[in-house]
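Everything on this sheet refers to the single structure shown next.
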Ligand code: ADP
Ligand code: MG
């Protein structure tokens, strides 16, 4: 065996980047979540070649101070938490300070930003993790990040990418989930300059659901409102008639964060068990508001998979909330929901 050494920064960044940035849709997720944390009311996403040649995310959020811009690209640099104590109660989507440095390590990235009070903005250009330019730049308040040639310096990862069409549709799917998670934010997405998605940001989930699924399908979904034991569950619940063949259309949002959580998804499926034929999955948008200390987001660098404390109780409440919504709309006879 060779002697033990500490890896150089470039190698360490590349390894860390591999976990945060799996594919173009991971870049879209991290950038849009940064925009949301910045208080953006409008977010625009532009992609080319499925995000492999270009991803731009533009927002009207708080912007980054010119003096902080270089720091934003250092690993573990964040404005969102200050100590481990904060990890127990996270109110922002980001907190690890890893997304920007990770994305910048495996692409050619340009960020242009201006805070609302600043006279002028700033622009930084980073290639493969190295800062190549930092200049003052005129810009509207907010932040625009452009990521080009993703994985240009990690050919092994680049080779595992699916076709641009597939990668592009994964990006689109992600944007629709984020629109469902935050119906109060206006989202627009373009592919090679062509409009592909628009959610007006009215604040009404029904409008976001219409943007994602179309009016006909959104009409087949009933609203859900349930509060018990400090847990509030809201959302839209698809009638059995619009079931799907995959569980891909169960969108779970916990405390404003689009997440995956197997026990909750299983509870959703359990609620529909007697209503759907074998192999069919419901269309459900479920938004849980829970005390933040019950949610552990710090499971994986990508922050998509989360763990819940009191998971069994949560599963029981979710199932009950769904059955109640379906029953109230007389979609199922009350005897069927006795469980
Ligand atoms: P994290 O989101 O975990 O803090 P990131 O690497 O994603 O880490 O971002 C680093 C920092 O850069 C953030 O904490 C934030 O201060 C700043 N930042 C990133 N994107 C934006 C944005 N769109 N608008 C304003 N500030 C941003
Ligand atoms: Mg972030």
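Just checking, does the range 71-79 include any residue being more than 23 Å from the chain's Cα centre (by Cα) and within 14 Å of ligand 2 (Cβ to nearest atom)? Yes, the range 71-79 contains a residue that is more than 23 Å from the chain's Cα centre (by Cα) and within 14 Å of ligand 2 (Cβ to nearest atom). Restricted to the range 91-118, and to residues there that are free of Cβ contacts under 8 Å to residues at least 40 places away in the same chain and out of contact with any helix residue (DSSP H, G or I) (no Cβ under 8 Å at 6 or more places or on another chain), the residue that is farthest from ligand 2 (Cβ to nearest atom) is 117. Where strands (runs of 3 or more DSSP E) fall wholly inside the range 109-213, the ranges with 3 or more residues that are within 14 Å of ligand 1 (Cβ to nearest atom) are 121-127, 142-148.
Picking from 58, 53, which residue would you name as being within 11 Å of ligand 1 (Cβ to nearest atom) and touching a strand residue (DSSP E or B) at 6+ places or on another chain (Cβ under 7 Å)?
Residue meeting the stated conditions: 58.
Only residues that are more than 8 Å from ligand 1 (Cβ to nearest atom) and under 21 Å from residue 300 (Cβ atoms) were counted in the range 84-102, giving 7. Scan the range 1-51 for residues that are more than 14 Å from residue 186 (Cα to Cα) and surrounded by fewer than 15 Cβ atoms within 10 Å (Cβ to Cβ) and the total you get is 14. Residue 247 falls short on exactly one of the conditions (1) touching a strand residue (DSSP E or B) at 6+ places or on another chain (Cβ under 8 Å); (2) surrounded by fewer than 21 Cβ atoms within 10 Å (Cβ to Cβ); (3) touching a residue at least 40 places away in the same chain (Cβ under 8 Å), and that condition is (3).
A short reminder: the numbers here are calculations on the coordinates, not readings from a lab. All figures in this text were calculated on a predicted structure; none of them were measured in a lab. Note that we place each Cβ from the backbone using ideal geometry, even for glycine, and neighbour counts take in every protein chain shown.
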